[in-house]
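Q: Next up is a structure, given as structure tokens.
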Amino acid sequence: MTEVEEVSLVGLTEDMGVNALLFGFVGLYALTFPGRVRACYLVGSHATREAVGESDLDLTLVFKDTFLPGEEDRFERFRLAVGPLARYPLDLNAVEEARLVAEGEVNLKENALLIAGEDVRDRVPLMPLEAWTRHSMHQPYRFIERARARPEDAPLRFPLAYPDARGELYGYDYREVTDAQGQLHRGFKELVTLACRMATAAVALDAGRHTFSKRDAIQAHREHLNDAWTPLYESIFALRQQWGYRVPEDAAAKAALQDACARMLDAENAFLARYRDFLLLELTRGAVRDRVLAARRLGDIAYPDAEVPQALRRLLESPEPSLREAARESLARLAKAA
């Protein structure tokens with residue numbers, strides 16, 4: 001008979017409602033994965049005390065050593081089952097202890113709150129800057145592409161158009177946000193996250209610095225870069241600080257948000273132009289998995305020039321089968337889109 005783990009919280013937030021949810025969550029994962037979770041961390045804005053009313057609870061489970069066969073699939077089912085039960089929106093992730101120790105981390109190492117288990121952060125190195133820059137440069141694409149409806153498997157077309165050129169906020173309010181009572185509201189959370197992700201990428205690429213939170217990314221952008229996009233990122237973050245993630249009803253605040261949304265398209269296109277050059281370099285450097293990701297991503301965005309397909313065609317002669325396959329698939333997508 002498996003011994004039942006004692007449920008206790010090592011760390012607490014200032015919100016008793018959040019603490020009650022965390023206690024229940026720890027009990028659930030202890031029952032689902034008995035003896036397998038080394039630590040549970042709260043990351044994100046609740047850990048850095050920057051949370052607003054509609055902030056997610058970002059939780060990371062560190063599994064002992066490496067995943068057992070089928071454990072990742074079980075965690076995914078667990079994640080999907082637990083999410084709807086919570087009063088607060090949950091963002092759940094799982095990571096192997098061995099990977100953390102081997103590859104390093106940034107936010108979990110520097111800006112996390114241990115909720116339960118054994119703290120492993122003294123054994124986890126800070127992620128090397130090259131790896132952090134690569135990670136940071138890939139992140140904005142996720143938020144750019146999911147804002148724009150298009151046929152299945154169709155790449156984004158560069159330069160971008162607004163998500164919804166006719167919308168009051170140009171389509172950047174495409175996702176609703178949930179408050180602590182479970183009520184849905186018109187929101188601009190994705191806009192805030194995108195601005196902070198692009199600031200993070202620019203600071204990593206141009207200033208060679210890690211950043212550890214949304215606030216840190218915005219402040220570092222001002223301190224180290226202070227370019228044409230700094231005022232835009234600062235204005236979006238200031239709206240978050242004042243209004244949370246809900247679209248404000250106040251006329252002046254809504255006008256400021258609308259102006260920020262109008263300017264975001266130029267920022268996205270400027271980022272994607274730099275991302276193209278970054279991806280072309282990635283095709284020729286780093287581990288095979290990094291080169292494969294770059295090849296696939298170049299099929300996700302239809303850039304109107306010949307250099308991208310030429311670079312992908314050169315990969316068809318690569319000795320690595322995974323690179324050849326990624327290049328073929330991306331070329332096929334681009335040809336179909338053309």
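The values are calculated or read from the model by the stated rules, or taken from the named source; none is laboratory data. This is a predicted model, so every value here is computed, not measured. A quick note on method: Cβ atoms are made from the backbone with ideal geometry, for glycine too, and the neighbour counts reach across all protein chains shown. The accessibility values were calculated without ligands, DNA or RNA, using every heavy atom of the protein model including side chains. Shrake-Rupley method; radii C 1.70, N 1.55, O 1.52, S 1.80 Å.
Q: Looking at (1) without any contact (Cβ under 8 Å) to a residue 12 or more places away in the chain; (2) out of contact with any strand residue (DSSP E or B) (no Cβ under 6 Å at 6 or more places or on another chain), which is the one condition that is false for residue 184?
A: (2)
Q: Take the residues in the stretch 85-127 that are among the polar types (S, T, N, Q) and modelled with pLDDT under 95, then tell me which one is surrounded by the fewest Cβ atoms within 10 Å (Cβ to Cβ).
A: It comes out as 111.
Q: Any residue at all in the stretch 272-280 that's of a type outside the set (A, V, I, L, M, F, W, C) and in contact with a strand residue (DSSP E or B) (Cβ under 8 Å, 6 or more places away or on another chain)?
A: yes
Q: Only residues that are out of contact with any strand residue (DSSP E or B) (no Cβ under 6 Å at 6 or more places or on another chain) and at pLDDT below 95: list them for the stretch 47-71, please.
A: Passing the criteria: 48, 49, 50, 51, 52, 53, 55.
Q: Can we say residue 26 is of a type in the set (Val, Ile, Thr), touching a residue at least 12 places away in the same chain (Cβ under 8 Å) and assigned to a loop (DSSP other than H, G, I, E, B)?
A: When the stated conditions are applied, residue 26 does not pass them.
Q: Could you say whether any residue in the stretch 24-41 is within 14 Å of residue 88 (Cβ to Cβ) and either open to solvent by 40 Å² or more (accessible area, probe 1.4 Å) or of a type in the set (Phe, Trp, Tyr) (or both)?
A: yes
Q: Still on this structure: For the stretch 194-204, state whether one or more residues are surrounded by fewer than 21 Cβ atoms within 10 Å (Cβ to Cβ), out of contact with any Pro (no Cβ under 6 Å at 6 or more places or on another chain) and at pLDDT 95 or above.
A: No, because not a single residue in the stretch 194-204 is surrounded by fewer than 21 Cβ atoms within 10 Å (Cβ to Cβ), out of contact with any Pro (no Cβ under 6 Å at 6 or more places or on another chain) and at pLDDT 95 or above.
Q: Collect the residues in the stretch 169-181 that are in a loop (DSSP other than H, G, I, E, B), in contact with a strand residue (DSSP E or B) (Cβ under 9 Å, 6 or more places away or on another chain) and farther than 22 Å from residue 268 by Cα, keeping them in residue-number order.
A: Selection gives 179 alone.
Q: Out of all the residues in the stretch 205-236, which are outside any helix (DSSP H, G or I), under 18 Å from residue 48 (Cβ atoms) and open to solvent by 10 Å² or more (accessible area, probe 1.4 Å)?
A: 209, 210, 212, 213
Q: Can you name the residue in the stretch 11-23 that is at pLDDT 85 or above and of a type in the set (A, V, I, L, M, F, W, C) and is also most open to solvent (accessible area, probe 1.4 Å) among such residues?
A: For the stretch 11-23, the residue satisfying everything is 16.
Q: Now for a separate question. Every residue in the stretch 119-168 that is closer than 29 Å to residue 64 by Cβ, hydrophobic (A, V, I, L, M, F, W, C), assigned to a helix (DSSP H, G or I) and in contact with an Asp or Glu (Cβ under 9 Å, 6 or more places away or on another chain), please.
A: Once the filter is applied, which keeps residues that are closer than 29 Å to residue 64 by Cβ, hydrophobic (A, V, I, L, M, F, W, C), assigned to a helix (DSSP H, G or I) and in contact with an Asp or Glu (Cβ under 9 Å, 6 or more places away or on another chain), the stretch 119-168 yields only 131.
Q: Name every residue in the stretch 44-76 that is open to solvent by 20 Å² or more (accessible area, probe 1.4 Å) and either assigned to a strand (DSSP E or B) or within 22 Å of residue 238 (Cα to Cα) (or both), in order of residue number.
A: 44, 46, 47, 48, 49, 50, 51, 52, 53, 56, 58
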